[in-house]
1. Could you say which residue among Lys117, Lys79 is surrounded by fewer than 19 Cβ atoms within 10 Å (Cβ to Cβ) and touching a residue at least 12 places away in the same chain (Cβ under 8 Å)?
2. Of the residues Ala99, Ala80, which single one is closer than 21 Å to Asn129 by Cα, modelled with pLDDT of 95 or more and part of a helix (DSSP H, G or I)?
3. Just checking, how many residues over the stretch 82-114 are over 14 Å from the mean Cα position of the chain (by Cα), within 13 Å of Val67 (Cα to Cα) and surrounded by 16 or more Cβ atoms within 10 Å (Cβ to Cβ)?
4. Looking at this structure, is Ala103 out of contact with any Leu (no Cβ under 9 Å at 6 or more places or on another chain) and either of a type in the set (D, E, K, R) or more than 14 Å from Cys34 (Cα to Cα) (or both)?
5. Is the stretch 12-33 home to any residue that is surrounded by 17 or more Cβ atoms within 10 Å (Cβ to Cβ) and modelled with pLDDT of 95 or more?
6. Condition check: surrounded by fewer than 16 Cβ atoms within 10 Å (Cβ to Cβ), at pLDDT below 95, under 22 Å from Glu122 (Cβ atoms) and not β-branched (Val, Ile, Thr). Does Arg2 satisfy that?
7. Take the stretch 49-68 and flag every residue that is out of contact with any Gly (no Cβ under 7 Å at 6 or more places or on another chain) and over 17 Å from Pro134 (Cα atoms).
8. Output the residues belonging to the stretch 62-77 that are part of a loop (DSSP other than H, G, I, E, B) and out of contact with any Phe, Trp or Tyr (no Cβ under 7 Å at 6 or more places or on another chain).
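The values are calculated or read from the model by the stated rules, or taken from the named source; none is laboratory data. Since the model is a prediction, treat every value here as computed from it, not as a measurement. All Cβ positions, even for glycine, are placed from backbone atoms using ideal geometry, and neighbour counts span all protein chains on display.
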Amino acid sequence: MRKVKAAVAAATTFAAGMIALAPASPAAAATPTCDWVASYSGAWVPVYRTGTNVNCNLVQGTYGEAVRQLQTTLNKCYKAGLTVDKSFGPATRNALIKAQQAAGTPADGEYGPNTRKAIKHEPLSGSTNCVRVP
């Protein structure tokens, strides 16, 4: 009987470990973190992998060139007054929420495909008007 209990305990521990190692849901894995900047439909936007995917996310805690672009956009198009430091901290999140509210999109403080389409972005050189992108 002890061997059976030990086998059941080992199997339960193994199964629990397998559950913990399961990958994220397909929906969560489908939208990568923005890690670069590219021109897209007349504006500079955060992208994933050097311009190949505009359907990407930025959230508090993210750091890099894509965040720098989001901060620049929020300053230029929404007068956010952010320090452009490439770090998506509380100030960037709060500024993004205000931009989302102004654009009429759900204000969750996260940049993703819906926010990309809703907010205005820094235009390419030569223009002073911020633009929406598809």
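1. Numbers: Lys79 fails: touching a residue at least 12 places away in the same chain (Cβ under 8 Å).
After applying the criteria, what remains is Lys117.
2. Details: Ala80 fails: part of a helix (DSSP H, G or I).
On inspection, the qualifying residue turns out to be Ala99.
3. 3
4. Details: out of contact with any Leu (no Cβ under 9 Å at 6 or more places or on another chain): yes; either of a type in the set (D, E, K, R) or more than 14 Å from Cys34 (Cα to Cα) (or both): yes.
Taking the combined requirement at face value, the residue satisfies it.
5. To start, the set of residues in the stretch 12-33 that are surrounded by 17 or more Cβ atoms within 10 Å (Cβ to Cβ) comprises none.
No, the stretch 12-33 contains no residue that is surrounded by 17 or more Cβ atoms within 10 Å (Cβ to Cβ) and modelled with pLDDT of 95 or more.
6. Working: surrounded by fewer than 16 Cβ atoms within 10 Å (Cβ to Cβ): yes; at pLDDT below 95: yes; under 22 Å from Glu122 (Cβ atoms): no; not β-branched (Val, Ile, Thr): yes.
When the stated conditions are applied, Arg2 does not pass them.
7. Applying the first criterion (out of contact with any Gly (no Cβ under 7 Å at 6 or more places or on another chain)) to the stretch 49-68 yields 49-56, 58-59, 61-68.
Across the stretch 49-68, the qualifying residues are Arg49, Thr50, Leu58, Val59, Gly61, Thr62, Tyr63, Gly64, Glu65, Ala66, Val67, Arg68.
8. Filtering the stretch 62-77 for residues part of a loop (DSSP other than H, G, I, E, B) gives 62, 64.
The one that is part of a loop (DSSP other than H, G, I, E, B) and out of contact with any Phe, Trp or Tyr (no Cβ under 7 Å at 6 or more places or on another chain): Gly64.
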